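Asker: Submitted below is the structure of interest, expressed as structure tokens.
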Amino acid sequence: MSNIINYPTEPKKPLPKPVIRKGEKPPEPPVESLWGVHDPAIYHDPETNHYYIYCTNATCHRSDDLIHWERIGKIVEEPPAESSDWVGGDSIWAPDIVKVNNEYRLYCSNSSWGVRQSCIFLAVSDNAEGPFIPRGCVIKTSSKSPVNAIDANIIEDEITKEQYMVYGSFWGGCHILKLDIETGLAAENGIGKCLARRPKWADCAIEGPYIKYNPDTGYYYLFVSYGSLASDYNIRVGRSKYVTGPYYDYNGRDLSDTEDYTNELGYMIHCGYQFGKGQSWMAPGHNSVLRDFDNEWYLLCHIRQQNFKGPEISTMHCHKLFWSKDGWPLLNPCEYAGEKSAEFERSLLVGKYERIKLSPTIPQGIQTSVPMQLFENGNVEIASVMGHWNLLDSSTLEICYGNIVETYVITPAWDWDYWCQTISITGKDQFGIAVWGKKIK
């Protein structure tokens, strides 16, 4: 069995936080900086082999490794007149891309803050870097509509090859609408079918839907963001055998069920967190998911530093995504740094860890780590809790205490707080509560 991999080079250290004085606007992000990235949609172009993220304000970044990013700039100049006249403005939010034959299709939201007078429009190009030229409106909503037409994501039915758009924010939740594969515009009238929503007591706070199919499990996975993008954003997941749903969480609850008085509906895989004395992060959300050409998986989302001074500027994190043996996504808690899967001997796991359990709260607060230690004799100590641990195979760890059984994927990681290689563990218990850890000694 191998030890932790040796990174070919250290990951590039993030640029310092921009200094913003009261009353000033955030500076334009410099080349290779991800400050200001919001609503990132990931795409790996088979023609150029570049990775791209498409973000709010119709900006695009390019990378060769998912670690170092170069800012290309704005790729859609303005919405079509039909859209901007309807909305009363030209803001472009949350683009998502799909390639159909030789045409690159970018689905963009045109809206303004806190209203349903919105439009999702389609812009097209012959290459991934644009420019993208508006073709037409896919769907428009108003204050009389039960749903808000923003946050588009395109998904194809694996059997019928029909194409759909999942979209929506707050109010009536997230819906799915059939598209015309030839034009890329809507193939049906109306708003489509509701897939996920939140109760009114939670401000109906759900948005950023993203569907990805996993051929290894046979399920479609619906990722959504709960809460406010400025405070308690967190990422939840449901799955279905059918692209049009219904989507169920780990405990069999339909994501469109509004009887959720404990904020436990939806399998939560990411929320605000802090390891030890490291940076405290808040409001991860509006994610996208990449299944790469080599069948490696990644999740990208925007996120904020809790103690950032100034406007609520966001940045982007990319995490390696794994799958539990029963078919649920798990995130490496450390940002992606080029690590590859590895096998681990039992002796490598013995030591001290920082551990976080991603338990749902009302509202969803920042989860902080507690100390954990794995002993050579198989005992485990989690703060004051005692239990035992076992290596099930060369990449799977089990920790048991009381009536709780947690199963983890073990992976190499780069510790951005301590600036060194380490081991991280990512898993969940038998009740569908995600758990993270990273070794510190």
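Read-outs: derived from the displayed coordinates by stated rules, not from any lab. Note that this is a predicted model, so its numbers are computed, not measured. Note that each Cβ is placed from the backbone with ideal geometry, even for glycine, and that neighbours are counted across all protein chains shown.
Asker: Taking the Cα-to-Cβ direction at residue 352 and at residue 418 and moving 7 Å from each Cα, how far apart do the two end points lie in nm?
Answerer: For the pair residue 352/residue 418, the computed spacing is 0.8 nm.
Asker: Return a whole-number percent for the relative contact order of the range 175-318, with Cα pairs under 8 Å and 6 or more residues apart as the contact set.
Answerer: Working: 298 pairs, mean separation 25.0, N = 144.
Relative contact order comes out at 17 percent.
Asker: Whole angstrom only: what separates the Cα centroid of the range 322-343 from the Cα centroid of the range 172-235?
Answerer: Cα centres, the range 322-343 to the range 172-235: 24 Å.
Asker: Antiparallel DSSP bridges in the chain: what percent, to the nearest 5? Each step should come with its number before you reach the end.
Answerer: On the way: 128 of 130 bridges.
Expressed as a percentage, antiparallel bridges in the chain total about 100.
Asker: Can you tally the lysine pairs in the range 41-331 where the Cα-Cα distance is under 18 Å and the two residues are eight or more apart, or on different chains?
Answerer: 19
Asker: Pick from 113, 69, 419 the residue whose mean-square fluctuation is largest in a GNM of the chain, springs joining Cα atoms under 10 Å.
Answerer: Highest fluctuation among the options: 113.
Asker: Further, regarding this structure: Packing-wise, with mean Cβ within 10 Å as the measure, how do 263-276, 323-336 rank, highest first? Provide the component values of the computation, followed by the final result.
Answerer: Working: 263-276: 23.1, 323-336: 19.9.
Those peptides, ordered most packed to least, come out 263-276, 323-336.
Asker: Suppose each label sits 7 Å from its Cα in the direction of the beta carbon; what would the residue 129-residue 45 distance come out to in nanometres?
Answerer: Between residue 129 and residue 45, the simple spin-label model gives 0.6 nm.
Asker: Now for a different question. Using a Cα-Cα cut-off of under 19 Å, which aspartates and glutamates could be cross-linked to residue 352, ignoring same-chain neighbours fewer than 8 residues away?
Answerer: Once the sequence-local aspartates and glutamates are set aside, what remains near residue 352 is 376, 381, 398, 406, 415, 417.
Asker: Do any trypsin sites (Lys or Arg not before Pro) in the range 250-314 lie in a loop, going by DSSP, with at most 11 other beta-carbon atoms within 10 Å of their beta carbon, and if so which?
Answerer: Values: sites: 253, 277, 291, 304, 309; in loops: 253, 277, 309.
Listed in order of number, the matching sites are 277, 309.
Asker: Separate question: May I have the pair-distance distribution P(r) for the range 347-439, computed from all Cα-Cα distances with 10 Å bins from 0 and rounded to whole percent?
Answerer: Over the range 347-439, the share of Cα pairs per 10 Å bin runs 16, 53, 28, 4 percent.
Asker: Another question about this same structure. For the range 178-240, state which GluC sites (Glu not before Pro) are in a DSSP loop and have at most 14 other beta carbons lying within 10 Å of their beta carbon.
Answerer: Details: sites: 182, 188, 207; in loops: 182, 188.
When the GluC sites (Glu not before Pro) of the range 178-240 are filtered for loop state and at most 14 Cβ neighbours within 10 Å, 182, 188 remain.
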